[in-house]
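Single-structure report; data block below.
The values are calculated or read from the model by the stated rules, or taken from the named source; none is laboratory data. On a predicted model such as this, the values are computed, not experimentally measured, just so you know. Cβ coordinates were reconstructed from backbone atoms using ideal geometry, including for glycine residues, and neighbour counts include every protein chain displayed.
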Amino acid sequence: MPRPKLLTSSQLADELGLSRRSITRYVQAGILVPELFTPGGQARFDLEDSKRQLREHAKRQRES
């Protein structure tokens with residue numbers, strides 16, 4: 001199975017219709033966990049996994 005393409009925070013923001021700053025805030029808050037960090041410290045995201053994480057967060061918010 002091919003490895004999924006990993007996205008930068010800007011690319012992820014574009015795909016999700018969010019701002020790059022929102023992605024950064026979600027990472028800082030632990031809502032989004034990047035697939036990996038580059039040696040330079042930049043986050044890389046899997047699109048489908050990020051969507052799953054955001055759905056789970058929304059569900060937890062509705063349940064609380």
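There is no residue in the range 6-27 that is exposed (fewer than 15 other Cβ atoms within 10 Å of the Cβ), at pLDDT below 95 and not aliphatic (A, V, I, L, M).
Per-residue answers, yes or no, for (1) touching an Asp or Glu at 6+ places or on another chain (Cβ under 6 Å); (2) modelled with pLDDT of 95 or more; (3) of a type outside the set (D, E, K, R):
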position: Pro34; (1), (2), (3): no, yes, yes
position: Pro39; (1), (2), (3): no, yes, yes
position: Leu47; (1), (2), (3): yes, yes, yes
position: Lys51; (1), (2), (3): no, yes, no
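Counting the residues of the range 29-52 that are under 11 Å from Ser9 (Cα atoms) and of a type in the set (Lys, Arg) gives 1. Restricting attention to the range 1-33, the residues that are among the charged types (D, E, K, R), touching a strand residue (DSSP E or B) at 6+ places or on another chain (Cβ under 9 Å) and closer than 20 Å to His57 by Cα add up to 2.
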